[in-house]
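Each value in this text was obtained by applying a stated rule to the coordinates, not by laboratory testing. Here the structure is a predicted model, which means the values were calculated and not measured. Cβ placement follows ideal geometry from the backbone for every residue including glycine, while neighbour counts extend to all protein chains displayed.
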Amino acid sequence: MTSSAYVLVNLSGKETRAALERIKKIKGVKSAHLVAGPFDLIIHVEGKGPEEIGELVISKIRKSPGVTNTVTCYVVA
């Protein structure tokens, strides 16, 4: 079963475009968009389950240069 989530990301100002391009290349990232509002980037991710998505966020997205904060919103329906 495939699970998905939206990851809301804050970026440091100098790294915005470079971070977007790096994150788009991460396996499991289905789309990533720069947005205006309280977050800088919204990412749609997919994985085999919540554990795989959590690992993707913690080990790949949060460690990407320029990322300062993430909030993960799991899709429930």
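Data table
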item: Counted charge near Thr70, where neighbours are those whose Cβ lies closer than 12 Å (Asp, Glu -1; Lys, Arg +1); result: +2
item: Computed over the chain: relative contact order in percent, which uses C-alpha pairs under 8 Å that are six or more apart; result: 48
item: Beta bridges by DSSP in the chain, antiparallel share as percent, to the nearest 5; result: 100
item: Pairs of alpha carbons in the chain whose separation is greater than 14 Å (percent); result: 54
item: Trypsin sites (Lys or Arg not before Pro) within the range 25-77: DSSP coil, no more than 15 neighbouring Cβ in 10 Å; result: Lys25, Lys27, Lys48, Arg62, Lys63
item: Fewest-first ranking of Thr16, Thr70, using other Cβ atoms within 10 Å as the exposure measure; result: Thr16, Thr70
